[in-house]
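The values are calculated or read from the model by the stated rules, or taken from the named source; none is laboratory data. Please read these numbers as outputs of a predicted model, since none were measured by experiment. With ideal geometry, Cβ positions are generated from the backbone for all residues, glycine too; neighbour counts draw on all protein chains shown.
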């Protein structure tokens, strides 16, 4: 017997996947995810998923962009090659605002893109869930609930029986 990745069950509607998610997390499963053709309001709460940390990554990268822009312009204008223009100091902060803003936006954008890749563990060229017999319908009209084998409560037979008892169809154990 090979190493199981988890169990996946198919559901017919958004209401069914929402109810199944509540029952699954209420039953004590923690490594649960839903795969839906469109966002289902409140499903993340039913799955007991916390807020995303991407906002903090973007804020930190934006602050780093501000700091690096100011440091760069201070070094170039006040230390490395000071030039007095129109009687103003070589490093006058009002003149640095446009460049500071652009560097903040640039590093925030990089933080958002690469932070999203990191938090979603991308790029991943293959995922075991693609082995499910009807997973292709997730982009059309079906809803899927997966419980990973790394869940402390996971038991191959008991988990399959549980998903069938809450209305899951095409319940399959997927191998890693």
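Results, tabulated for the structure shown:
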{"read-out": "Those residues of the range 123-162 which are surrounded by 13 or more Cβ atoms within 10 Å (Cβ to Cβ), under 16 Å from residue 36 (Cβ atoms) and out of contact with any helix residue (DSSP H, G or I) (no Cβ under 7 Å at 6 or more places or on another chain), in sequence order", "value": "132, 134, 137, 138, 142"}
{"read-out": "Unique residue being surrounded by 14 or more Cβ atoms within 10 Å (Cβ to Cβ) and either under 22 Å from the mean Cα position of the chain (by Cα) or at pLDDT 95 or above (or both) when the list is 168, 118", "value": "168"}
{"read-out": "Residue list for the range 32-46, filter: in a helix (DSSP H, G or I) and surrounded by fewer than 17 Cβ atoms within 10 Å (Cβ to Cβ)", "value": "44, 45"}
{"read-out": "In the range 1-31, the residues that are assigned to a helix (DSSP H, G or I) and loosely packed, with under 14 Cβ neighbours inside 10 Å", "value": "15, 26"}
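Each row is one residue, and each column tells you yes or no for (1) farther than 30 Å from residue 108 by Cα; (2) at pLDDT 95 or above; (3) within 20 Å of the chain's Cα centre (by Cα); (4) not assigned by TED's automatic domain parsing to the domain that holds residue 134.
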{"position": "15", "(1), (2), (3), (4)": "yes, yes, no, no"}
{"position": "18", "(1), (2), (3), (4)": "yes, yes, yes, no"}
{"position": "21", "(1), (2), (3), (4)": "yes, yes, yes, no"}
{"position": "30", "(1), (2), (3), (4)": "yes, yes, yes, no"}
{"position": "33", "(1), (2), (3), (4)": "no, yes, yes, no"}
{"position": "36", "(1), (2), (3), (4)": "no, yes, yes, no"}
